[in-house]
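The values are calculated or read from the model by the stated rules, or taken from the named source; none is laboratory data. Here the structure is a predicted model, which is why all the values come from computation and not from measurement. Methodologically, a virtual Cβ is constructed for each residue, glycine included, from the backbone with ideal geometry; neighbour enumeration extends over all protein chains shown. Please note that ligands, DNA and RNA were not included when accessible areas were found on the heavy atoms of the full protein model with its side chains. Shrake-Rupley method; radii C 1.70, N 1.55, O 1.52, S 1.80 Å.
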Amino acid sequence: MSYAVQRDSSRRLTGLVAVVAFHVVLVYALVHGLARKIVEVVRPPLETKIIEEIKPPPPDKPPPPPPPRLAMPPPPYIPPPEATVQVPVVMAPTITAVTTVKPPEEYRTRAVVDARSCDEPPYPSASLRGNETGTVRLRFLIDVDGRVLDSKIERSSGSRRLDEAARAGLSLCKFKPATINGRPERSWERLDYVWKLQ
């Protein structure tokens, strides 16, 4: 009885070893590409056939030419319509009326000395002793309030002492300022002063 059990287990062991060996060989074959080679060997070769192109048989006779087209006469000539362009007429400028506009006239007054606020310049003593006389022409810049802002000797009397005395004395005078349309304005005015012995 023990011999039969031993024999049966050895068969099983042999079968198990065979199955394991088969799997090892199969895995090895798959890893190293032997399976692909086996598949290529097992796969049957493809059969190919060359099919000849079938051409239609040549026609027995050529097709008849198309019938000739009838020549049509050209259409009658119709002239294009005449285009008229209307150009606007530009009239030459004409003068209808001429009016002369005069600017408003300005009413001006000159600056004048206020005699009540002005003393005569004193005669220089050296000029008295030398009997110096003459007329000096002076220019004064008169401000809008009548004060003298500046003065110049425009023409000498012949004596420097008389010229300076007239300029200094008359620069202290008050003036009535010049006006334009009643509005005071700054202006230069000329003034002649005569030196004469009494």
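For region 136-192, what does the alpha-carbon gyration tensor say about shape, rounded, prolate or oblate, given a ≥ b ≥ c as the root eigenvalues, a/c under 1.5 as rounded, and a/b over b/c as prolate? Prolate is the answer for region 136-192, as a/c is 1.5 or above and a/b outweighs b/c. Largest first, the residues Thr179, Thr133 sort by 1.4 Å accessible area into Thr133, Thr179. Per residue, how large is the accessible surface of region 111-163? Use a 1.4 angstrom probe and give square angstrom. For region 111-163, the solvent-accessible area averages 61 Å² per residue.
Residue separation times 0.36 nm, minus the C-alpha to C-alpha distance between Gln86 and Asp145: what's the value? Please report the intermediate quantities before stating the final value.
Numbers: separation 59, 0.36 × 59 = 21.24 nm, distance 7.20 nm.
Extra length available between Gln86 and Asp145 comes to 14.0 nm.
Using the average count of surrounding beta-carbon atoms within 10 Å as a protection proxy, the listed peptides 111-122, 140-151 rank, highest first, as 140-151, 111-122.
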